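Visitor: So that we are looking at the same thing, I have put the structure below in structure tokens.
Nothing in this text is a laboratory measurement; each read-out follows from the coordinates by a stated rule. These figures come from a predicted structure and were not determined experimentally. No Cβ is skipped: glycine too gets one built from the backbone with ideal geometry, and neighbour counts run over all protein chains shown.
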């Protein structure tokens, strides 16, 4: 029995003596992982030559915007100047044709010998209405072509009444009356334009280039009625 017990004791000693501790177990596992599963990172050689830069962009400066705006404005002014010169030349050509085409009595002729010595508004309007359809000509004052004040001047000259070739001057030559008292033959005076009152809120006038003497509704409330001869 004593011998058997010693043998058991002897056989058990190696088992306890060689049991690994927790630290020994951990170190062993780490070593095994390191030896069996080591990893490495491969970096391409050209990676060292790659450079990073900001995206490129351009922008218009305030000075460039101002210069562009000034250039556009100058172009508009130049275009308007060209158009104005073209209109002036066209008007001059029309006046040349107009002067050569008319051989009848002028305003001066009528003032020297009025065709209608007896003045009344109805007669003035009746004479003015005879010229309906005469083309507008800038500066015109005969039946070959009228502008607005040239038309009024020519008609009133036939009654011995002298008027300037100006809508403003013609308005100042008479007496302003209420619109409610207007009669055909009175003057409708606007800013830069005039004609004969035609009744019922209408005007008989030489309107503008490309149009002819006609009757049409008065299109604005900014006008006065002026009567001559009173």
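Visitor: Packing-wise, with mean Cβ within 10 Å as the measure, how do 167-176, 151-160, 58-67 rank, highest first?
Guide: On the way: 167-176: 15.9, 151-160: 23.8, 58-67: 8.3.
In decreasing order of mean packing, 167-176, 151-160, 58-67 become 151-160, 167-176, 58-67.
Visitor: If contacts are Cα pairs under 8 angstrom and at least 6 residues apart, what is the relative contact order of segment 122-230 in percent? Working shown, then result.
Guide: Details: 226 pairs, mean separation 32.1, N = 109.
The value is 29 percent.
Visitor: Can you bin every Cα-Cα distance in segment 107-227 into 5 Å intervals starting at zero and give me the percent of pairs per bin, rounded to whole numbers?
Guide: 2, 13, 24, 27, 22, 9, 2, 0
Visitor: Another question, then. Say each of residue 63 and residue 108 gets a label point 7 Å from the Cα, pointing the same way as Cα to Cβ; how far apart are those two points in nm?
Guide: So the label points at residue 63 and residue 108 sit 6.3 nm apart.
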